[in-house]
Each structure stands twice: as C-alpha cells, then as structure tokens.
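Novice: Attaching a single structure in structure tokens format; questions to follow.
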Amino acid sequence: MTRQVSETITPLYGEREIKDAELISFDNPNSSRPYEISIDFPEFTCLCPFSGYPDFAVIRLLYQPDKKVLELKAIKLYINSYRNKKISHEEAANQILDDLIKACNPTWMKLEADFNPRGNVHMVVKVAYGIET
C-alpha cells in the first residue's frame with residue numbers, strides 16, 4: 001500500500017516553534033523548601049564562529065529555584081535555537097546562563113557545557129550565578 005504525503009510547509013513546524021519560543025517560568029510550587037533542579041540537554045549544537053563547523057555539547061543545568069521555576073518545553077526550544085548560531089563555546093555558555101537567570105531569577109544556578117572533542121581538543125565551560133546553599 002502506498003501512502004501519499006502532502007507537501008511540507010516551510011518552515012517546518014519545529015522550526016516555527018523554535019523561532020517563536022520564549023523562555024517561560026511559573027510559580028515555584030514549594031518555595032518554602034530549598035531544593036535543586038537538574039536538567040541535561042545531551043544534544044546541544046551550535047556553529048563555530050570561525051569555521052562554521054558544527055559543535056556538539058552536553059549542557060548540564062543545576063539550580064535552586066526561588067519564586068519561579070523554568071518550564072521544560074520552553075527551555076528545550078530555547079536550547080534548540082542555538083543550532084544555527086555562530087557562537088563560541090564561552091559565549092554560548094554565558095549567554096544561556098544569563099538568559100535563564102533573567103527568566104526565573106534563581107537563588108543560584110550552575111551551567112556546564114561539555115563540548116565534544118574536535119581536532120583532539122576537549123573543552124568544558126562552567127559558569128555560575130549566586131552562592132550554592
């Protein structure tokens with residue numbers, strides 16, 4: 001049996017979602033108790049600003065929310081928006097941290113960008129905000 005697929009709409013729905021995405025936070029459901037949230041993004045990609053080659057990394061986020069918590073789908077779409085950006089490892093890690101802090105104003109936050117080796121060089125960028133309690 002043959003199935004016909006209608007024409008693909010450009011840009012694709014995922015591309016449209018990524019383009020229109022905004023970081024969203026919501027009220028912390030238990031702001032009276034300190035707790036940590038850990039989120040991993042194992043498929044982060046961006047482009048080298050010098051060569052244009054793709055860079056791949058695992059982004060690890062750890063934070064203690066204050067009054068707001070980050071919404072997961074919004075973070076996923078935000079992280080995916082880096083796919084076609086020409087940006088250095090250091091700038092990417094710092095920009096992501098700055099944007100996430102702005103979105104939820106945590107008590108503290110740590111971000112680790114563990115980039116895959118390229119040309120026999122392995123780089124990990126660690127950035128932090130606030131003091132871990």
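Nothing in this text is a laboratory measurement; each read-out follows from the coordinates by a stated rule. From a predicted model like this one, the values you see are computed outputs, not experimental measurements. Virtual Cβ from ideal backbone geometry, glycine too; neighbours counted across all protein chains shown.
Novice: Fully extended, how many nm does the chain gain between Ala74 and Glu36 (0.36 nm per residue separation, minus their Cα-Cα distance)?
Specialist: On the way: separation 38, 0.36 × 38 = 13.68 nm, distance 1.88 nm.
Extending this stretch completely gives an extra 11.8 nm.
Novice: If you average 1/r across every pair of different Cα atoms in the range 24-64 and take the reciprocal, what Kirkwood value do you get, in Å?
Specialist: Details: mean 1/r = 0.0772 Å⁻¹.
It is 13.0 Å.
Novice: Quote the Stokes-Einstein diffusion coefficient, in whole µm² s⁻¹, for the range 70-119, based on the Kirkwood radius over alpha carbon pairs, a temperature of 37 °C and a viscosity of 0.692 mPa s.
Specialist: Numbers: Rh = 12.1 Å.
The Stokes-Einstein estimate is 271 µm²/s.
Novice: Taking the dipole about the Cα centre of the chain, with the C-beta of Lys and Arg at +1 and of Asp and Glu at -1, give me whichever of Trp108, Ile18, Ile87 is farthest to the positive side.
Specialist: The residue sitting farthest along the positive end of the dipole is Ile18.
Novice: Figure the gain on full extension for Glu91 and Leu12 (residue separation times 0.36 nm, minus the Cα-Cα span) and round it to one decimal in nm. Mind dumping the intermediate values first?
Specialist: Values: separation 79, 0.36 × 79 = 28.44 nm, distance 2.80 nm.
Separation in residues times 0.36 nm, less the Cα-Cα distance, equals 25.6 nm.
Novice: Right, here's the next one. Return P(r) of the chain (all Cα-Cα pairs; 5 Å bins starting at 0; whole %; ordered from short to long distances).
Specialist: Here the calculated profile for the chain is 2, 10, 18, 20, 17, 12, 9, 6, 3, 2, 1, 0, 0.
Novice: Please get the size of the charge dipole for the chain, origin at its Cα centre, with Cβ charges of +1 on Lys and Arg and -1 on Asp and Glu, quoted in debye to the nearest 20.
Specialist: Details: 16 positive and 19 negative charges, 28 e Å.
Computed charge dipole of the chain: roughly 140 debye.
Novice: Which whole-number percent is the relative contact order of the chain (Cα, under 8 Å, 6+ apart)?
Specialist: Details: 229 pairs, mean separation 34.0, N = 133.
Value for the chain: 26 percent.
Novice: Pairs to check: Lys19/Lys86; Lys67/Lys102; Lys19/Lys67; Lys19/Lys126; Lys73/Lys102. Give those whose C-alpha atoms are more than 22 Å from each other in this structure. Show your work: numbers first, answer last.
Specialist: Values: Lys19/Lys86 16 Å; Lys67/Lys102 13 Å; Lys19/Lys67 27 Å; Lys19/Lys126 27 Å; Lys73/Lys102 17 Å.
Among Lys19/Lys86; Lys67/Lys102; Lys19/Lys67; Lys19/Lys126; Lys73/Lys102, the Cα-Cα distance tops 22 Å for Lys19/Lys67; Lys19/Lys126.
Novice: Between Asp66 and Asn116, what is the label-point separation in nm under the 7 Å Cα-to-beta-carbon projection?
Specialist: My value for the distance between the label points is 3.8 nm.
Novice: While we're looking at this one, here's another question. Along its principal axes, what span do the Cα atoms of the range 39-90 show, with the longest given first and each in whole Å?
Specialist: Sorted from largest, the Cα extents of the range 39-90 read 41, 17, 17 Å.
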